[in-house]
Every structure is written in structure tokens, then in C-alpha cells.
1. Within region 34-60, how many residues turn out to be loosely packed, with under 14 Cβ neighbours inside 10 Å and within 19 Å of ARG94 (Cβ to Cβ)?
2. Which of the residues belonging to region 15-45 are in contact with a helix residue (DSSP H, G or I) (Cβ under 8 Å, 6 or more places away or on another chain), within 13 Å of ligand 1 (Cβ to nearest atom) and not in a strand (DSSP E or B)?
3. Taking ALA72, is it more than 20 Å from LEU105 (Cβ to Cβ), at pLDDT 95 or above, surrounded by fewer than 16 Cβ atoms within 10 Å (Cβ to Cβ) and out of contact with any Asp or Glu (no Cβ under 8 Å at 6 or more places or on another chain)?
4. May I ask you to list the residues in region 65-93 that are in contact with a strand residue (DSSP E or B) (Cβ under 6 Å, 6 or more places away or on another chain) and farther than 21 Å from CYS3 by Cβ?
5. State the number of residues belonging to region 3-24 that are in contact with a strand residue (DSSP E or B) (Cβ under 9 Å, 6 or more places away or on another chain) and either more than 11 Å from ligand 2 (Cβ to nearest atom) or open to solvent by 60 Å² or more (accessible area, probe 1.4 Å) (or both).
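The values are calculated or read from the model by the stated rules, or taken from the named source; none is laboratory data. From a predicted model like this one, the values you see are computed outputs, not experimental measurements. Backbone-built Cβ (ideal geometry, glycine too); neighbour counts: all protein chains shown. These area figures cover heavy atoms from the full protein model, side chains too; ligands, DNA and RNA do not enter into them. Shrake-Rupley method; radii C 1.70, N 1.55, O 1.52, S 1.80 Å.
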Amino acid sequence: MDCIFCKIVAGELPSTKLYEDEEMVVFQDIAPAAPVHYLAIPKAHIPGVDGITGENSAVAAHIFEKIAALTAEKGITDYRVVSNVGEQAGQTVRHLHFHILAGRLGGPLY
Ligand code: AMP
Ligand code: ZN
């Protein structure tokens, strides 16, 4: 499948990984929008939050558990978790990902 995040999971594209297990990977965003900008993704190809179902939602819970653990381990207490769904919302990669942003956040929403 022509998906850059599937290629990162498969090791066909390089990435700076911070965490990996059987179900997910966390790596540095290539174009950071804040001093801390990680991406947390499932290894399985799910197109976005709109592709989460009763069948695959356990991985979403797992990802959030690891986001909490990883940020705590790094001493990051104030951060934002963002997932864009659809082009108009700014989704450019159609593989579920959660942006973890910290260090310089904008207003209350963006
Ligand atoms: P979104 O626009 O919400 O779909 O987020 C996609 C994110 O993936 C953007 O923040 C990009 O900077 C990031 N990105 C795209 N290609 C790569 C890559 N090869 N390695 C790391 N991050 C990437
Ligand atoms: Zn994919």
C-alpha cells in the first residue's frame, strides 16, 4: 500500500523512533510545529479516527496509555494531543496518527 506511515512501520522509510512495540510506534514529526512534536501511530493501517471501530479500538486505548507514559517519562506535563480527520481539517497522511505537541502552544484550541 502506498502509505508513508506504513513504510515507516515497515522500516522502508527512515524515522527517529522514540517508542515501539508490537502494536504502535512513536516517532519525531519531520516538520515540527512545536519544540516537542511526536507522532503516535498504530502499526495497523487505519485511515484515521473515522476508521476506529469496535474491532480495532483497543489499539487506540493502547496508544493513549503509551502517550501518557512516554510524556510522563520525559517530564512533559503540559501538552496537546491532536488528530486531524479529512483534508479540510488538515489531514495529509491517511494513516491514523496522534500529534503530541508541547513546549510552545498557541491559543486554547490551536
Ligand atoms: P496531518 O497533516 O495531520 O495528516 O499530519 C501528518 C504529519 O506527518 C505532518 O505533521 C508531517 O510533518 C508529518 N510527516 C510527513 N511525512 C513524514 C515523515 N516521513 N516522517 C515524519 N513525519 C512525517
Ligand atoms: Zn498506512
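1. The initial filter retains those residues of region 34-60 that are loosely packed, with under 14 Cβ neighbours inside 10 Å, namely 35, 50, 53-58.
Next, only the ones that are within 19 Å of ARG94 (Cβ to Cβ) stay: 50, 53, 55-57.
So the count comes out to 5.
2. SER15
3. Values: more than 20 Å from LEU105 (Cβ to Cβ): no; at pLDDT 95 or above: yes; surrounded by fewer than 16 Cβ atoms within 10 Å (Cβ to Cβ): yes; out of contact with any Asp or Glu (no Cβ under 8 Å at 6 or more places or on another chain): yes.
In short, no.
4. The answer is ILE67, LEU70, ILE76, TYR79, ARG80, VAL81.
5. Number satisfying all stated conditions: 8.
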